[in-house]
Amino acid sequence: MFGVVTRNEEECSWPEFDLAFYESKDVSGRSAEPIPEAVNMISCFGDNAAAESSPELVPRNREGELATRERPYFDWSYICPTHEGYREGLLEMVSDAADANGDVRLDDVGFPRQEYCFCERCNARFEESEFEDRFAWRASVITAFLADAAERIPGKTYLTLYPDPYPGHLYERAGLDVEAIEPHVDEFVVPLYDMAYSTTYWLETIASGFESLLSTPFSVELYAVDVDVDSLIAAAEVADHYGEDVFFGYDAANAQAALRRMRADAREGKSYGPDQ
């Protein structure tokens, strides 16, 4: 199955796509009404607007540095997963999305990096918890959030994973304990983004790593913006070998062109028997 990830509602109905993900809340903080024609996608703890307007929501490291997009290695700003008010708002968004379409995709779930969060709230909650290891405590926070979110989703719960299948990396980086969260997730989505896909061996390596890591089905999301159609097709063929499905991100027209070419090539294929 081939699908699209988009911010444009009309693209969700294009016939070339078997499935569409619609960003009802993205990392900019922009939100839109969820729609019934697509799986609504919610950026959970990535939110530039909330971080800018309410710095007290932003995770801090030991030195007090905020996890914002102005810092090196951050493409967007984060919100601390232990903030109850923000968390409750997210769960309301999940419920609204699930009312529009029973399937929901959760994006940007977790702590921003392994050195976060050391805000006063996180410090107090860790000290009051049953855990002696801070990584284990962080994982319990994220697992509890996913369990609460999944309870509000009557259909399929999708979860985006950072593209690092190396053992322990998701746990240390984001607080994602794969074994603990798998019961709450029906399908993972792994974005494997490149600006060109001029080679695909690395794509195969990472996808194969997730095949070994996960018991739950996973799909691969490719970046479609300004990518040569032939290169995008080559990447899709590799991704399709490993993933349950393949999704194209943020350029529906280019994805549409790639799928038309792939299907035309499949129809034009000839078989040669003894009489030919």
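Just so it is clear, none of the values below were taken in a lab; they were calculated from the coordinates. Just so it is clear, the model here is predicted, and its values are computed rather than measured. Don't worry about glycine lacking a Cβ; one is built from the backbone with ideal geometry, like all the others, and counts go over all protein chains shown.
Laid out as a table, the results:
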item	result
Packing-based order for 178-186, 45-53, using average beta carbon neighbours within 10 Å, highest first	45-53, 178-186
With Cα atoms, 0 to 90° folded angle of helix 229-242 axis to the chain main axis	70
In degrees, nearest ten, helix 201-213 long axis to first principal axis of the chain (Cα)	60
Rounded to the nearest 20 debye, dipole of the stretch 2-268 from Cβ charges on Lys, Arg, Asp, Glu	340
Ranking of Met1, Met41, Met93, Met262 by count of other Cβ atoms within 10 Å, fewest first	Met1, Met262, Met93, Met41
Taking N as its residue count, the alpha carbon Rg of the stretch 22-76 over 2.2 N^0.38 Å	1.32
Gyration tensor (Cα) of the stretch 13-162, equivalent ellipsoid semi-axes in angstrom	28, 17, 13
Antiparallel bridges, percent of DSSP beta bridges restricted to the stretch 2-268 (to nearest 5)	10
Nearest-ten-degree value, helix 134-151 long axis tilted from longest Cα axis of the chain	60
Positive minus negative residues near Asp108 (Lys, Arg vs Asp, Glu; Cβ under 12 Å)	-3
Additional length obtainable on full extension of the chain from Val229 to Ser208, 0.36 nm per residue less Cα span	5.2 nm
In Hz, Karplus ³J(HN,Hα) per residue of the stretch 50-55 (6.51, -1.76, 1.60; θ = phi - 60°; x = Gly, Pro)	5, 5, 6, 7, 9, x
Mean ellipticity per residue at 222 nm, deg cm²/dmol - from DSSP H runs of n ≥ 4 across the chain, formula -39500 (n - 2.57)	-11500 deg cm²/dmol
Largest-first ellipsoid semi-axes for the chain, taking √(5λ) over the Cα gyration tensor eigenvalues, angstrom	35, 20, 17
